[in-house]
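This report concerns only the one structure given below.
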Amino acid sequence: MKIILIFLFIAPLALSARAEKDFSALDSAASPETKSRFAMLDDVRILANGLLQLGHGLKDFVHKTKGQMNDIFQKLYIFDKSFYELSLQTSEIKEEEELLRQTTARLQINNEEIKNLSQEMNLKIEDLIQNKIQLQEKVWGLEDKVTKLAITQPTVQETNEISSLKAFVERQDNHIKQLLKIVEDQHAQLDKQHNQIMELEDKLNHIELQELAENSFTGEHTEPEATPFFVHNSTAVTYKYEGAAPDCTALYNSGIQTSGTYTIKPNGSEAFDVYCETKFGTSWTVIQNRVDGSLDFNQTWDAYDKGFGDLNEEFWLGLNKTYSITQQGDYILRIELQDWKDNKRYVEYAFDLGGPETDYTLQLSRISGSIPNALPEQTELRFSTADHDMAVINNFNCPENYLGGWWHSECEETNLNGKYVAPRSKGRLDRRKGLYWKPKKGRYYLLKSTKIMIHPTDLKSFD
């Protein structure tokens with residue numbers, strides 16, 4: 001920078017001196033006008049030369065400045081890197097310090113425990129010393145007694161009695177050892193028999209499941225499956241509803257005639273989703289569906305009250321929702337069953353469902369069907385689960401022993417919400433916990449799938 005200032009100060013002086021010299025040299029040889037023109041050209045050359053030198057100086061200065069800035073940036077980078085490494089080291093030091101504090105705390109705790117153990121050991125040592133002293137005193141007393149006995153020799157009769165007692169004790173000891181060996185042998189035999197029994201039970205379970213699967217519906221007397229009397233023909237009136245329809249049948253009559261998941265809103269209830277199944281020229285509201293055992297039906301009371309599962313797969317609609325639907329009029333309950341030979345049967349009931357204050361009491365009256373009845377008729381059946389059993393018969397908790405919530409009466413063996421059992425299931429068979437249909441005077445039917453649906457008997461209530 002100083003060089004540039006000096007150059008700027010000297011340049012005008014040089015220019016003026018050069019101008020005076022040229023002017024004096026040409027003064028005599030040229031006219032005043034020509035001299036003036038040459039003087040201006042010389043001034044421009046000198047100025048251009050000065051600017052060129054100034055540019056070179058500035059260029060050198062810029063290069064030097066860039067080098068200095070690069071050095072500064074390099075030093076800053078080194079500083080940042082050093083600072084980052086220092087930060088990492090500081091963090092590691094802090095972590096080590098924290099670990100050291102924790103170790104110190106543990107050592108202090110261990111030290112306290114060692115102190116306590118040391119005190120306990122000292123107390124025990126003192127007790128041992130006292131016991132040793134007492135034992136020594138007893139030994140001394142026994143030595144005195146032995147000495148006295150040595151002085152007074154026992155009689156021959158006493159010696160014979162002592163010998164006979166020793167022999168009797170030895171015989172008893174041998175007898176006890178023999179009894180213990182016999183007990184051990186019997187225990188080993190019992191274990192072996194128990195294992196054999198378990199193997200036989202597994203085999204019987206497999207055979208029984210196969211037999212149950214062979215119990216198909218084909219051997220039963222069946223009634224022809226008649227078309228329900230409440231189905232309208234194709235000229236039926238189409239109803240219009242403001243908002244959601246009250247059930248699946250109303251949806252069908254409004255023009256929605258495809259099976260699937262839809263939203264309904266029963267009278268006086270909130271709207272909720274249901275699965276509607278179209279058949280017999282109408283639509284049924286499905287309240288239970290089981291097809292493959294993918295859903296665990298051993299649920300709580302709250303789950304059965306609110307519903308659970310996937311409406312497009314296995315599900316339980318929910319007692320409260322079913323109750324809100326049935327409060328709109330009279331309904332028919334239809335149960336569809338399928339055995340493991342893919343034979344299908346059904347049964348239909350007129351029914352009445354109570355509210356939550358009655359534990360959703362169910363009363364049935366059979367209308368028709370293609371399988372013997374397995375549910376009590378004209379009887380109040382209370383719904384119960386393992387955590388909410390209000391119908392204990394002789395202190396026998398049906399849901400706890402049968403698994404799954406159901407309308408139990410006398411803990412009958414039909415439970416369509418029981419454990420899903422396949423014919424090849426392993427483990428001990430417990431019919432009470434399985435998915436069966438068991439007429440009172442009939443065979444067990446091991447079920448592959450079940451479906452429970454409802455349909456109004458009178459459509460005028462929805463007009």
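Using protein chains only and a probe of 1.4 angstrom, how many square angstrom of L117 are accessible, to the nearest 10?
Accessible area, nearest 10 Å²: 100 Å².
For segment 38-85, take every pair of Cα atoms, bin their distances at 10 Å starting from 0, and report each bin as a whole percent.
The distribution over segment 38-85 is 24, 24, 19, 14, 11, 6, 2, given as percents.
What is segment 246-328 by shape, rounded, prolate or oblate, if you read a ≥ b ≥ c off the alpha carbon gyration tensor as root eigenvalues and call it rounded for a/c under 1.5, prolate for a/b larger than b/c, and oblate otherwise?
Cα axes put segment 246-328 in the oblate bin.
What are the residues whose amide H is under 5 Å from the amide H of H408, where those residues sit 5 or more places off or on another chain and H is modelled from the backbone?
Here R382, S384 satisfy the definition.
Checking the table K344/K438; K344/K440; K321/K441 against a 22 Å threshold on Cα-Cα, which pairs fail?
K321/K441
Top to bottom by accessible area (1.4 Å), largest first, where do S36, S294, S370 land?
Result of the area sort, largest leading: S294, S36, S370.
Quote the accessible area belonging to E357 in square angstrom, nearest 10, computed with a 1.4 Å probe and with ligands, DNA and RNA left uncounted.
140 Å²
Express in Å², to the nearest 10, the accessible area of H455 obtained by rolling a 1.4 Å probe over the protein heavy atoms while all chains stay in place.
Number for this one is 0 Å².
In segment 326-385, with Lys and Arg counted as +1 and Asp and Glu as -1 at Cβ, which of these residues, G354, W340, S384, has the Cα nearest the positive end of the dipole, that is, farthest along it?
Checked the options; the winner is W340.
The values are calculated or read from the model by the stated rules, or taken from the named source; none is laboratory data. Note that the structure is predicted; figures quoted are calculated from it, not measured. We place every Cβ from the backbone using ideal geometry, glycine too, and count neighbours over all the protein chains shown. Side chains are part of the model used for accessible areas, which takes the heavy atoms of the whole protein and leaves out ligands, DNA and RNA. Shrake-Rupley method; radii C 1.70, N 1.55, O 1.52, S 1.80 Å.
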